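The values are calculated or read from the model by the stated rules, or taken from the named source; none is laboratory data. These numbers were taken from a predicted model, which means no experiment stands behind them. Virtual Cβ from ideal backbone geometry, glycine too; neighbours counted across all protein chains shown. Side chains are part of the model used for accessible areas, which takes the heavy atoms of the whole protein and leaves out ligands, DNA and RNA. Shrake-Rupley method; radii C 1.70, N 1.55, O 1.52, S 1.80 Å.
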Amino acid sequence: MNKVIYVVLFIFVYASSCSPSPEKQAKEIIASSISYHDPKSNWGNLERIVVEKQQINYDSEGLETSEIIFSQEFRLKPYFEAKHTWEKDSITHKVTFDGLNVNYMMGENEVLNPGFLKSNKAELELAYLDLVMPMTLSSMSKSLLYQNKINLSDNRVAETVAVELKDGKNLDLYFLPETYQLIAYKQKIRDEFEVVNNVEMQDYKGMSFPAKKEVFASDSLGNHLYLKSIITYQLTN
């Protein structure tokens, strides 16, 4: 009897030691996803991305509340720089990051509040990540953990990877098991959750970037509650 127990324990320990850790599984999924989105490994040659982003927002009743056009530029070499411009209530807003410092201009007025600038730097980085995921996930993440397979609201099965970004923000990423295409992610905004779906993709210099996203208010499990925004991207350079 003791021999049988020993054999069972040995098999369990051996099987456990052969199973990849959640960290390793997550890294393997991210690597496979990068290969899907960038099959020719062109990312390392990209120096600049210029994009026009249109965002149409809706309330919980489905009524359009606003439309904003963002002009975004991300320079990748020799170091990361970013520029984000939009107009709201006839006032031009411009956020720039020169690799060291953030600057915010509201019309002709410069905003100097440190907390406000820090928040806008985080938003600028998230806007960049939102456009180029999964290519920069490894460099922008503090930790990556594989979770499990789940059924999404559209009945597709997805592999889930939990990501903690270096700024402390947490995301749950959803990948198709067959190809490891990144199809959606879930995030928490203050006390509410939302799911961002990649609805359409576009080819840009041999890489697959989002062309259209739909943002849904959701519960903590990722179930859609109502459509919050439709976002379209037009890469121009």
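Listing for the model above:
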{"item": "Filtered residues of segment 87-105 (kept if open to solvent by 40 Å² or more (accessible area, probe 1.4 Å) and either in contact (Cβ under 8 Å) with a residue 60 or more places away in the chain or not hydroxyl-bearing (Ser, Thr, Tyr) (or both))", "result": "GLU87, LYS88, ASP89, ILE91, LYS94, ASP98, LEU100, ASN101, ASN103, MET105"}
{"item": "Segment 173-194, residues that are among the hydrophobic types (A, V, I, L, M, F, W, C), open to solvent by less than 40 Å² (accessible area, probe 1.4 Å) and outside any loop (DSSP other than H, G, I, E, B)", "result": "LEU173, PHE175, LEU182, ILE183, ALA184"}
{"item": "Where SER139 falls short, out of the listed (1) touching a residue at least 24 places away in the same chain (Cβ under 8 Å); (2) outside any strand (DSSP E or B)", "result": "(1)"}
{"item": "Conditions (1) part of a loop (DSSP other than H, G, I, E, B); (2) touching a Phe, Trp or Tyr at 6+ places or on another chain (Cβ under 6 Å); number of the one not met by TYR79", "result": "(2)"}
{"item": "Failed item in (1) under 11 Å from the mean Cα position of the chain (by Cα); (2) of a type outside the set (A, V, I, L, M); (3) crowded, with 18+ Cβ neighbours inside 10 Å; (4) farther than 21 Å from ILE49 by Cβ, with ASN170 passing the rest", "result": "(3)"}
{"item": "Any chance LEU129 is open to solvent by 40 Å² or more (accessible area, probe 1.4 Å), in contact with a helix residue (DSSP H, G or I) (Cβ under 9 Å, 6 or more places away or on another chain) and either closer than 27 Å to THR96 by Cβ or touching a residue at least 12 places away in the same chain (Cβ under 8 Å) (or both)", "result": "no"}
{"item": "Set ILE34, ILE56: member being modelled with pLDDT of 95 or more, out of contact with any strand residue (DSSP E or B) (no Cβ under 8 Å at 6 or more places or on another chain) and surrounded by 11 or more Cβ atoms within 10 Å (Cβ to Cβ)", "result": "ILE34"}
{"item": "Residue list for segment 195-222, restricted to those being open to solvent by 70 Å² or more (accessible area, probe 1.4 Å) and in contact (Cβ under 8 Å) with a residue 60 or more places away in the chain", "result": "LYS205"}
{"item": "Residue count, segment 106-118 (criterion: open to solvent by 40 Å² or more (accessible area, probe 1.4 Å) and either closer than 20 Å to TRP43 by Cα or aliphatic (A, V, I, L, M) (or both))", "result": "2"}
{"item": "Matching entry among ASN120, ASN103, ASN148, ASN155 (being of a type outside the set (A, V, I, L, M), at pLDDT 90 or above and either touching a Phe, Trp or Tyr at 6+ places or on another chain (Cβ under 6 Å) or not in a strand (DSSP E or B) (or both))", "result": "ASN120"}
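To keep it simple, each residue is scored yes or no on (1) over 16 Å from ILE29 (Cα atoms); (2) β-branched (Val, Ile, Thr); (3) in contact with an Asp or Glu (Cβ under 8 Å, 6 or more places away or on another chain).
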site: GLY107; (1), (2), (3): yes, no, no
site: ASN113; (1), (2), (3): yes, no, no
site: LEU144; (1), (2), (3): no, no, yes
site: ALA158; (1), (2), (3): no, no, no
site: LYS166; (1), (2), (3): yes, no, no
